[in-house]
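Only the coordinates and a few stated rules stand behind these numbers; no lab work does. Small disclaimer: the values here were computed from a predicted structure and weren't measured. Quick reminder, even Gly has a Cβ in these numbers, built from the backbone with ideal geometry, and neighbours come from all protein chains shown.
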Amino acid sequence: MDLNWLSAILVGAGCLAFGYCIGTRCPSFIFLRLTPKVLKDTKTNPSHHGNKKNKSKEPFEIDKLADILDDFKMVLVVRNDLKMGKGKIAAQCSHATLGLYKKLLNRAPKALNRWEICAQPKVVVKIESEEDMLVLQERAKSLKLPTHITIDAGRTQIAPNSRTVMAILGPVEVVDDVTGGLKLL
């Protein structure tokens, strides 16, 4: 009976410490990366939810900025002209976030860790057309910011191959240079 009691206390303390770590800006060595090693070791299959053009495996320039700049954030740019429902927008934002995360996992791990240490801030803004989104992506690329545009399969609310949401990650000041003029969704 005493051994069960001790086990319960140790498990509870571990859960408390883990929960505290997730909700605060603890050092990156304490973070448990929940992504399996298998994901890092396998090639990602192109899907209808990602960019198929960018096959380069070179490190992103943004990784160098993680050593000298503290505050990182992600901005999700949602196309307002598609008139997606709330659930559809939530799903597309999730796809964009995960797509950019997977892209950065091996090519900019320092930038990804910096964003995680900052508590993974995400801001959702709106844009009025696909053309405006692509112009914004070019602006981000010119500033060496990584992006990911989600392309929908068209099984529910919108036409197939519609570009729905773009995710951008980087230092707050640089990301604001690209998206600062957009309104919150």
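Between Ser129 and Arg155, the contour length at 0.36 nm per residue exceeds the Cα-Cα span by 7.3 nm.
Put simply, the Cα atoms of the stretch 45-179 extend 42, 29, 26 Å along their principal axes, the longest span coming first. Roughly what would the spin-label model give for Ile68 and Leu184, points 7 Å off Cα along C-beta, in nm? Here the modelled spin labels are 3.2 nm apart. Of the residues Ser162, Ser94, the one with the fewest other Cβ atoms within 10 Å heads the list, and the complete ranking is Ser94, Ser162.
Size descriptors for the stretch 79-158, from the alpha-carbon set: Rg then Dmax equal 13.7, 37 Å.
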